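Undergrad: For reference, the structure I am asking about is given below.
The values are calculated or read from the model by the stated rules, or taken from the named source; none is laboratory data. What you are looking at is a predicted structure, and each value in this text was computed from that prediction instead of being measured. Cβ placement follows ideal geometry from the backbone for every residue including glycine, while neighbour counts extend to all protein chains displayed. Side chains are part of the model used for accessible areas, which takes the heavy atoms of the whole protein and leaves out ligands, DNA and RNA. Shrake-Rupley method; radii C 1.70, N 1.55, O 1.52, S 1.80 Å.
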Amino acid sequence: MFNLEEGTIIHFSKKIVEPIPEEQTSIWTCTNEECSCWMRDNFSFGEEPACPICNSTMTSEIRLLPVLSNGAKKGFQ
C-alpha cells in the first residue's frame, strides 16, 4: 500500500507513445529582442510579414519542427 501525501495523483500508462515526425521548416522570427514571436512561413500572409505582436520586422530562419499541413494556399483569398 502507498503512503501518499494528500492531493498526490499517480498515473500509470502502458500506452506506447509514437515519436512525432519533424522536418526542416521555414519560419519568420521577430527581430525585436524583447519579443519571442515566430510563425511558420506557410502560415504567414505576406512576403515579408511584420510581427503580429509588436509590429517589428521579421527575418527568415529554418527550424526543426513537427510536421503540419496548411490546407490554404499562400496568397489565395
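Undergrad: Cβ-Cβ below 8 Å, separation at least six or inter-chain, first residue in segment 38-55 and farther than 21 Å from residue 69 by Cα, second charged (D, E, K, R): which pairs?
TA: Qualifying pairs under 8 Å: 54/34.
Undergrad: For residue 70, are the conditions met, namely being modelled with pLDDT under 95, out of contact with any Leu (no Cβ under 6 Å at 6 or more places or on another chain) and open to solvent by less than 80 Å² (accessible area, probe 1.4 Å)?
TA: Numbers: modelled with pLDDT under 95: yes; out of contact with any Leu (no Cβ under 6 Å at 6 or more places or on another chain): yes; open to solvent by less than 80 Å² (accessible area, probe 1.4 Å): yes.
In short, yes.
Undergrad: Then there's this: Anything in segment 13-50 that is at pLDDT below 95, in a loop (DSSP other than H, G, I, E, B) and open to solvent by less than 50 Å² (accessible area, probe 1.4 Å)? List them, or say none.
TA: Once the filter is applied, which keeps residues that are at pLDDT below 95, in a loop (DSSP other than H, G, I, E, B) and open to solvent by less than 50 Å² (accessible area, probe 1.4 Å), segment 13-50 yields 44, 46, 49.
Undergrad: Suppose the filter is in contact (Cβ under 8 Å) with a residue 40 or more places away in the chain and either open to solvent by 50 Å² or more (accessible area, probe 1.4 Å) or assigned to a loop (DSSP other than H, G, I, E, B) (or both); does residue 61 pass it? Walk me through it before giving the result.
TA: Values: in contact (Cβ under 8 Å) with a residue 40 or more places away in the chain: no; either open to solvent by 50 Å² or more (accessible area, probe 1.4 Å) or assigned to a loop (DSSP other than H, G, I, E, B) (or both): yes.
No; evaluated as a whole, the condition is false for this residue.
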